[in-house]
1. Quick check: the angle from helix 83-100's long axis to the longest principal axis of the chain, C-alpha only, nearest 10 degrees?
2. Relative to a virtual label point 7 Å from the Cα of residue 90 in the Cα→beta-carbon direction, which members of the range 44-70 show backbone nitrogen distances below 18 Å?
3. Could you sort the peptides 78-85, 10-17 by per-residue average Cβ neighbour count (10 Å cutoff), highest mean leading?
4. Let me make sure I get this right: for the range 48-94, a, b and c are the square roots of the gyration tensor eigenvalues over alpha carbons, sorted descending. Under 1.5 in a/c it's rounded, otherwise prolate if a/b > b/c, else oblate. Which is it?
5. Compute the relative contact order of the chain as a whole-number percentage, counting only Cα pairs closer than 8 Å that sit 6 or more residues apart in sequence.
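Here, each number is a calculation from the coordinates, and none is a lab measurement. Just so you know, these numbers come straight off a predicted model, no measurement behind them. Don't worry about glycine lacking a Cβ; one is built from the backbone with ideal geometry, like all the others, and counts go over all protein chains shown.
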Ligand SMILES: [Zn+2]
Ligand SMILES: [Zn+2]
């Protein structure tokens, strides 16, 4: 299977959040289907606990995508991508809520 996403062997969370240094994932072959194996040991542990992969102290607020368990808390997200971006996310959620309650 050829899946070039996020490169080979680099932790998906380190890459996504632009961390330095980028740590190697626990499954450098990239063959595992378990998304946890695409993370470094630190991020893997936090993801399995359901906490923010960046600080490990708070509940994950936003996950990478619908089927992902890799998430960050709001303060970490805002610190990385800006308060604006965090508000945009909340605006989308509000819109979805409103659409669902119609
Ligand atoms: Zn990592
Ligand atoms: Zn955090």
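1. The angle comes out at about 60 degrees.
2. Label zone hits: 58-63.
3. Descending mean neighbour count gives 10-17, 78-85.
4. Verdict is oblate for the range 48-94.
5. Averaging sequence separation for qualifying contacts and normalising by length gives 15 percent for the chain.
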